[in-house]
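> A single structure is presented below for examination.
The values are calculated or read from the model by the stated rules, or taken from the named source; none is laboratory data. Since the model is a prediction, treat every value here as computed from it, not as a measurement. Note that each Cβ is placed from the backbone with ideal geometry, even for glycine, and that neighbours are counted across all protein chains shown. When the accessible area is computed, the model is the full protein with side chains, heavy atoms only, and any ligands, DNA or RNA have been set aside. Shrake-Rupley method; radii C 1.70, N 1.55, O 1.52, S 1.80 Å.
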Amino acid sequence: VVDGEDFEPWLDDAKSSIEPFYWKRYKQLLVQKGLPKEVVISTDTVTDKILGRLGNPNKRVTWDRRGMVVGHVQSGKTANYTGLICKAADAGYRLVIVIAGIHNNLRNQTQERIDEGFIGIDTGKSQKAKNSASKHVIGVGKFNPNNRPVGLTNTLKDFNKSTASTNTSEIDSYKVPVVLVIKKNYRTLSNLIDW
C-alpha cells in the first residue's frame, strides 16, 4: 500500500457508527454461493483496507482522494469491488460509478453482478416490466429488499443523459445510494459529466 503524505485514517474511528446493511447482505450472498469462510473473511479484510484509504464521506470539507487497486485474472476482483461498493454505501457514499470495459457485453456482465450483489433486482427485467421490480428480486434482494439502491443504468442500457434527466430527483434527495455501471467510452463519460 502506498499512501500520500496527506492521508488521514478515518475508518477505525467511524466503524462503530456504521450500520453494515449492504455489506451484511452481500456477505450472506457470498456464503450462500458456497465461498469458503476464509475467502469471505479475506474479502472483508481487503475491502476494509481499501475503504479506509478512501476519503471520509461524512467529512464536511472538500477533499480529493484517488487510488488504484490491481488484481490478477480470476483473483476475486468482482467480489472485492462489489464488497467495497456495499461498504462504501454503508459508510455514507451516495453516488457509485463503476466504469466497466469498452464493450457492451462486459458492461452488461458487470451490471448483472452489481444487480445481484448490491441492488438486489434484475434491472433489465425490471426496466422492461416497468413498475413490477418486486417480481425481479435477485441476489441480496432475497435477504432484505429494503433500502434498494437506485440504478441509473440497467442490463439493457448504458448511461443515457436524457433518460437520467427525466428523473427530476437530485442525488441528494435519495435516501439510498445511486449506482451507475458505464462503459469506458468518451461519449458516455462526457454525457455523465455534463449531467
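> Rounded to the nearest 10 Å², what accessible area does I121 have for a 1.4 Å probe in the complete protein model?
For I121, solvent-accessible area is about 10 Å².
> Can you give the extra length, in nm with one decimal, that the chain gains between T45 and Q32 once fully stretched, where that is 0.36 nm per residue apart less the Cα-Cα distance? Could you put the intermediate results ahead of the total?
Numbers: separation 13, 0.36 × 13 = 4.68 nm, distance 1.91 nm.
Fully extending the segment from T45 to Q32 adds 2.8 nm.
> Accessible area per residue for the chain in Å², computed with a 1.4 Å probe and the full protein assembly in place, what is it?
Per residue, the chain has 62 Å² of solvent-accessible surface.
> Now for a different question. Quick one: what are the phi-derived ³J(HN,Hα) couplings along region 41-56, Karplus 6.51/-1.76/1.60 with θ = phi - 60°, whole Hz, x for glycine and proline?
5, 4, 4, 4, 5, 5, 5, 5, 4, 5, 4, x, 8, 6, x, 6
> Using a Gaussian network model on the chain with a 10 Å cutoff between Cα atoms, which of R66, R148, R107 fluctuates the most?
R66
> Let me ask something else. Return the sequence-ordered ³J(HN,Hα) values of region 76-84 in whole Hz as given by the Karplus equation 6.51 cos²θ - 1.76 cosθ + 1.60 applied to θ = phi - 60°, using x for Gly and Pro.
x, 4, 5, 4, 5, 6, 5, x, 5
> Now for a different question. Long-range amide H contacts for V96: which residues qualify at under 5 Å (H placed 1.01 Å from N, peptide plane, sequence gap of 5 or more or a different chain)?
Placed amide hydrogens put V178, V179, L180 under 5 Å from V96.
> On to the next question. Can you give me the relative contact order of region 10-98 as a percent, contacts being Cα pairs under 8 Å and 6 or more apart?
On the way: 56 pairs, mean separation 41.2, N = 89.
That works out to 46 percent.
> Using a 1.4 Å probe, how large is the accessible area of R94, given in Å² and rounded to the nearest 10?
90
> Whose amide H sits under 5 Å from the amide H of T153, counting only residues 5 or more places off or on another chain, with H placed in the peptide plane?
Under 5 Å from the amide H of T153: V181.
> Then there is this: Based on the Cβ-Cβ distance of N144 and V2, what FRET efficiency does E = 1/(1 + (r/R0)^6) give at R0 = 35 Å, to the nearest 0.05?
0.40
> Give me the percent of DSSP beta bridges within the chain that run antiparallel, rounded to the nearest 5.
In the chain, DSSP labels about 10 percent of beta bridges as antiparallel.
> Leaving ligands, DNA and RNA out of it, report the carbon-plus-sulfur percent of the accessible area of the chain at a 1.4 Å probe.
Of all accessible area on the chain, carbon and sulfur atoms account for 51 percent.
> So, one more: How high is the relative contact order of the chain? Use alpha-carbon pairs under 8 Å, at least six apart in sequence, and give a whole percent. Walk me through the intermediate numbers first.
On the way: 243 pairs, mean separation 42.4, N = 195.
Once normalised by length, the contact order is 22 percent.
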